[in-house]
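The values are calculated or read from the model by the stated rules, or taken from the named source; none is laboratory data. Everything numeric here is computed off the predicted structure, so don't read it as measured data. Note: ideal-geometry Cβ built from the backbone for every residue, glycine included; neighbour counts use all protein chains shown.
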Amino acid sequence: MADHVYIQDIAKHVGHEVTLKGWLADKTDKGKLQFLRVRDGTGFIQAVVFAKEVSPGTFEAAKQLTQESSLLVTGVPRAEPRAPGGYELSVKDLQVLQIAKEFPITPKEHGVEFLMEHRHLWLRSPRQHAILRVRARVIRAIREWLDSHDFLLVDTPILTPAAVEGTTTLFETDYFGTPAYLTQSGQLYNEADIMAFGKVYCFGPTFRAEKSKTRRHLTEFWMVEPEWAYGTLDDYMRVGEEFVSYIVQTVLKDCANELRILERDTSKLESVTPPFPRITYTEAVELLHQKGYSDFQWGEDLGAPHEAAISESFEKPVFVHRYPTAMKAFYMAPDPNDPKVCLSADLLAPEGYGEIIGGGERSADLEYLEQQIEHHHLPRAAYEWYLDLRKYGTVPHCGFGLGVERTVAWICKLEHVRETIPFPRMLEKIYP
Ligand code: 4AD
Ligand code: MG
């Protein structure tokens, strides 16, 4: 066997015998020629088995291969402009590890239900590769930007005694005889952390027992949450637009191949640069009225169609700020000029994708928060530690949370978030 190389590095080995370790993605039988499409996780390549150039045993082995058979292929790579990746392998030898049983996912079309039941196998397709590679680049870009802008990574717990984003979407679990909940957001702990470290972020899985079956809801999703002391609503929107622009521009630069596989029109992403437009919730309601949503009442929550209608009017993502106080979470700071609205803002992505970020300025006022906790029927005892933060050197502060899956769905222009995470968790869906 020659030296093992990965398909992604094949260009460096042109003319030299190498061994690939992978699986058979697809095969075309042309009599004396067998065209094997081999994948190894880093890419796909066509390996050509010519009867005259290999032993009869090797040729016979090639003929027996079924889709997803595991194999080692030894051969010489050469440039082939007509091949999809620009290279082809002239096969010298084959070693078959297993002839795979009939693979359920064939190159023909399958329904989404079927593919979701076979998600563990569906991951092997070029499209899923492209999406999950974009996801990985998005996550790396998130860390790069925050780490290089002095946000300190401070991890927050997953098992918690209290709600952050309302009590209706809590996943309850038994914690040695008392109820505990899977975290909906690390924000409240971030608020403790910034009083110690100034600028922090947490990044991990978050959970919502969402009873909604929509194209943008998961019950387990990844959220990155930056938070900082002495920050205002305007500071948050400035940081948010820089952050999102960096993520999008980085993916455009580094994932051109993936976006091409996904047939993404990248011109729509190129314009994602600061500054982003900003409108108030009240202006958004006026816009909705102009766009035919004449029944929409001030004070109502924006649904997916409303968010899509608003973002349609803008090329770039748009911040909608100063939502009605009554609509938002207990911790939002009321606007001192008009306490009916709060210092919150959501970022709506273009092309109908809707909210990808939620955030704002937090109330720094002990008495106001005590009232809010009572008003929202939250169990005060579980929030004592949080109230302490307003007793010992309280300061204005802000932060936000960006959902990874919705961001990836938008960047890749996918119909549904289910493809943006390796094993999606959704309403009544936990297999595989
Ligand atoms: O707007 P949300 O609920 O905000 C918070 O949790 C704040 N505590 C964050 C903060 O200020 N630190 O969620 C933030 C983002 C949304 O904009 C969305 O991108 C994503 O998290 N998200 C979901 N993604 C997929 N499925 C769900 N069920 C989601 N719920 C929220
Ligand atoms: Mg939100």
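I'd like to know if region 23-46 contains one or more residues that are over 21 Å from Pro107 (Cα atoms) and surrounded by 16 or more Cβ atoms within 10 Å (Cβ to Cβ). Looking for residues that are over 21 Å from Pro107 (Cα atoms) and surrounded by 16 or more Cβ atoms within 10 Å (Cβ to Cβ), one finds none in region 23-46, hence no.
Listed by first and then second residue, the pairs with beta-carbon distance under 9 Å, at least 6 apart or on different chains, first residue in region 1-25 and under 15 Å from Thr42 (Cα atoms), second surrounded by fewer than 16 Cβ atoms within 10 Å (Cβ to Cβ) and acidic (Asp, Glu), are Thr19/Asp3. Look at region 30-43: where a residue is farther than 24 Å from Ser125 by Cα and a partner is in a strand (DSSP E or B), sitting 6+ places away or on another chain with Cβ atoms under 9 Å, you get Lys32/Phe50; Leu33/Val48; Leu33/Val49; Leu33/Phe50. The selection criterion, being surrounded by fewer than 17 Cβ atoms within 10 Å (Cβ to Cβ), in the same structural domain as Pro275 (by TED's automatic domain parsing) and either over 22 Å from Tyr189 (Cβ atoms) or within 11 Å of ligand 1 (Cβ to nearest atom) (or both), does not hold for Ala381. Of note, Phe296 does not satisfy the criterion of being modelled with pLDDT of 95 or more and part of a strand (DSSP E or B).
Of the residues that make up region 403-410, is at least one more than 16 Å from ligand 2 (Cβ to nearest atom) and in contact (Cβ under 8 Å) with a residue 24 or more places away in the chain? Yes - at least one qualifying residue is present in region 403-410. Taken over region 244-264, the criterion of being in a helix (DSSP H, G or I), charged (D, E, K, R) and free of Cβ contacts under 8 Å to residues at least 60 places away in the same chain is satisfied by Lys253, Arg260. Quick one: is Val320 touching a residue at least 12 places away in the same chain (Cβ under 8 Å), in contact with a helix residue (DSSP H, G or I) (Cβ under 7 Å, 6 or more places away or on another chain) and not in a helix (DSSP H, G or I)? Taking the combined requirement at face value, the residue satisfies it. The residues of region 186-201 that are in contact with a Lys or Arg (Cβ under 9 Å, 6 or more places away or on another chain) and surrounded by fewer than 22 Cβ atoms within 10 Å (Cβ to Cβ) amount to a single one, Glu191. Residues in region 143-181 that are under 24 Å from the mean Cα position of the chain (by Cα), polar (S, T, N, Q) and more than 16 Å from ligand 2 (Cβ to nearest atom): Ser148, Thr156, Thr160. Entry remark, region 186-231: residues being assigned to a strand (DSSP E or B) and within 16 Å of ligand 2 (Cβ to nearest atom) number 9 in total. Pairs needed: first member in region 145-162, aromatic (Phe, Trp, Tyr); second member anywhere, assigned to a loop (DSSP other than H, G, I, E, B) and surrounded by 15 or more Cβ atoms within 10 Å (Cβ to Cβ); C-beta distance under 8 Å; at least 6 residues apart or different chains. Correct list of pairs: empty, since none qualify.
Whether any residue in region 290-298 is within 16 Å of ligand 1 (Cβ to nearest atom) and assigned by TED's automatic domain parsing to the domain that holds Arg215 is what I want to check. For region 290-298, residues within 16 Å of ligand 1 (Cβ to nearest atom) and assigned by TED's automatic domain parsing to the domain that holds Arg215: absent.
Screening the candidates Gly240, Gly204 for the property of being touching an Asp or Glu at 6+ places or on another chain (Cβ under 8 Å) and of a type in the set (Gly, Ala, Ser) yields one hit, Gly204.
Selection within region 1-29: residues that are part of a strand (DSSP E or B) and aliphatic (A, V, I, L, M). The member of this set that is farthest from the chain's Cα centre (by Cα) is Val18.
If I go through region 130-154 residue by residue, how many of them are of a type in the set (Gly, Ala, Ser) and touching a Cys at 6+ places or on another chain (Cβ under 8 Å)?
Of the residues in region 130-154, 1 are of a type in the set (Gly, Ala, Ser) and touching a Cys at 6+ places or on another chain (Cβ under 8 Å).
Tell me whether region 339-362 contains one or more residues that are under 19 Å from Glu227 (Cβ atoms), small (Gly, Ala, Ser), more than 16 Å from ligand 2 (Cβ to nearest atom) and touching a helix residue (DSSP H, G or I) at 6+ places or on another chain (Cβ under 6 Å). No, because not a single residue in region 339-362 is under 19 Å from Glu227 (Cβ atoms), small (Gly, Ala, Ser), more than 16 Å from ligand 2 (Cβ to nearest atom) and touching a helix residue (DSSP H, G or I) at 6+ places or on another chain (Cβ under 6 Å). Residues that are within 16 Å of ligand 1 (Cβ to nearest atom) and part of a loop (DSSP other than H, G, I, E, B) within region 158-172 comprise Ile158, Ala162, Ala163, Val164, Glu165, Gly166, Thr167, Thr168, Thr169, Leu170, Phe171, listed in sequence order. Anything in region 173-185 that is assigned to a strand (DSSP E or B) and either touching a helix residue (DSSP H, G or I) at 6+ places or on another chain (Cβ under 8 Å) or crowded, with 20+ Cβ neighbours inside 10 Å (or both)? List them, or say none. Scanning region 173-185 gives a single hit, Tyr181. Which members of region 253-276 meet the condition of being of a type outside the set (S, T, N, Q), farther than 14 Å from Lys316 by Cβ and surrounded by 14 or more Cβ atoms within 10 Å (Cβ to Cβ)? Listed by number, the residues that qualify are Asp254, Cys255, Glu258, Leu259, Ile261, Leu262, Arg264.
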